[in-house]
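Novice: The structure that follows is given in the form of structure tokens.
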Amino acid sequence: MSDVIRVHREGAILEVTMDRPKANAINPKTSRLMGETFKAFRDNPDLRVAVLKTAGNKFFCAGMDLKARSEGETADGDWGIGGFGGLQELRGLNKPVIACVNGMAVGGGFELALSCDLIYASDHSSFALPEIRAGTLADAASVRLPRRLPYHIAMELLFTGRWMYVAEAHRWGLVNEVLPKEKLEERVWEVARLLANGPPLVFAAIKEAARVSESLSFQDAMNRLTRRQLATVDVLYGSEDSLEGARAFAEKRAPVWKGR
């Protein structure tokens, strides 16, 4: 696609690699490219899973490109269709996205990983939100992190900007698995292939239900699901795949998902 954003496809899996030496920092142009890439992934019915990785071993992503910021780019500028990094505000992305984190995920880089559904990380990775030291707000992390971590741990990270090394991130459940860097991509692709063979309409319903329920009480969320008031749930319950799942179970065979 470009020197900065590379894509590789294997069947229903799209691997997206960001490559901006030396630290994979994100400027507005890169963010817009990322947004267009993930929008195309979202809108392609033949693609079911995305893997997000970056080049190099030291930095997964250093967040906002401070050189661009110093040259006049603003934090609330045009980051493209998906917001900063192309993912965190991309609406309707009801497909699994896996973050393959190798190295430091700092500021917006940490937020980029948080925008994914699963996070697999190498054993030398680390995470931090240093925005507080620059007198600014880690906006997406301020929304997402207290929902992913115990409140007091999230506030500590946001208030102090301290480093969280990968073993601690795994202990708090922020990272799914920690692996040696030479095993990381192999494991991520193993999971991606597993999900690519799964029921895409169910995955879509799960993602929409999880997203919508964040602002609802338990009962209100359940009412919307059971009354088929979420678009993805309504599609699922009226789909060929829903019938196929029941038939496959009764016939003691593996289901064949068509996404319709």
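The values are calculated or read from the model by the stated rules, or taken from the named source; none is laboratory data. As the structure is a computational prediction, the values presented were derived from the model and not from experiment. With ideal geometry, Cβ positions are generated from the backbone for all residues, glycine too; neighbour counts draw on all protein chains shown.
Novice: Which residues, counting only those in region 227-260, are free of Cβ contacts under 8 Å to residues at least 12 places away in the same chain and either closer than 27 Å to Ser115 by Cα or touching a helix residue (DSSP H, G or I) at 6+ places or on another chain (Cβ under 8 Å) (or both)?
Specialist: Within region 227-260, the subset free of Cβ contacts under 8 Å to residues at least 12 places away in the same chain is 227-229, 234, 237-238, 243, 246-254.
Residues satisfying the conditions are Arg228, Gln229, Asp234, Ala254.
Novice: Oh, and also: Can you name the residue in region 201-236 that is under 23 Å from the mean Cα position of the chain (by Cα) and among the acidic types (Asp, Glu) and, of all such residues, is surrounded by the most Cβ atoms within 10 Å (Cβ to Cβ)?
Specialist: Glu208
Novice: Return the total of residues in region 10-39 being in a loop (DSSP other than H, G, I, E, B) and touching a His at 6+ places or on another chain (Cβ under 9 Å).
Specialist: 0
Yes or no, residue by residue, for (1) of a type in the set (D, E, K, R); (2) modelled with pLDDT under 95; (3) in contact with a helix residue (DSSP H, G or I) (Cβ under 6 Å, 6 or more places away or on another chain); (4) not in a helix (DSSP H, G or I):
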site: His8; (1), (2), (3), (4): no, no, no, yes
site: Phe41; (1), (2), (3), (4): no, no, no, no
site: Leu52; (1), (2), (3), (4): no, no, no, yes
site: Asn57; (1), (2), (3), (4): no, yes, no, yes
site: Gly72; (1), (2), (3), (4): no, yes, no, yes
site: Asp76; (1), (2), (3), (4): yes, yes, no, yes
site: Gly82; (1), (2), (3), (4): no, yes, yes, yes
site: Lys95; (1), (2), (3), (4): yes, no, no, yes
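Novice: So, one more: Identify all residues within region 242-260 that are surrounded by 12 or more Cβ atoms within 10 Å (Cβ to Cβ) and within 25 Å of the chain's Cα centre (by Cα); write none if there are none.
Specialist: Passing the criteria: Trp257, Lys258, Gly259.
For every residue, the table says whether it meets (1) assigned to a helix (DSSP H, G or I); (2) farther than 29 Å from Tyr120 by Cα.
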| position | (1), (2) |
| --- | --- |
| Leu194 | yes, no |
| Ala205 | yes, no |
| Ala209 | yes, no |
| Val212 | yes, no |
| Met222 | yes, yes |
| Arg228 | no, yes |
| Thr232 | yes, no |
| Gly259 | no, no |
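Novice: Related question: Would you be able to say whether some residue in region 77-88 is charged (D, E, K, R) and crowded, with 16+ Cβ neighbours inside 10 Å?
Specialist: No: zero hits.
Novice: Can you pull out the residues in region 136-153 that are surrounded by 15 or more Cβ atoms within 10 Å (Cβ to Cβ) and under 21 Å from Met64 (Cα atoms)?
Specialist: Ala138, Asp139, Ala140, Ala141, Ser142, Arg144, Leu145
Novice: Return yes or no: is Pro255 of a type outside the set (A, V, I, L, M) and in contact with a Gly (Cβ under 8 Å, 6 or more places away or on another chain)? Quick ask: steps written out before the conclusion?
Specialist: Values: of a type outside the set (A, V, I, L, M): yes; in contact with a Gly (Cβ under 8 Å, 6 or more places away or on another chain): yes.
Yes: the conditions hold for Pro255.
Novice: Please determine whether any residue of region 94-117 is surrounded by fewer than 20 Cβ atoms within 10 Å (Cβ to Cβ), aliphatic (A, V, I, L, M) and within 27 Å of Glu15 (Cα to Cα).
Specialist: no
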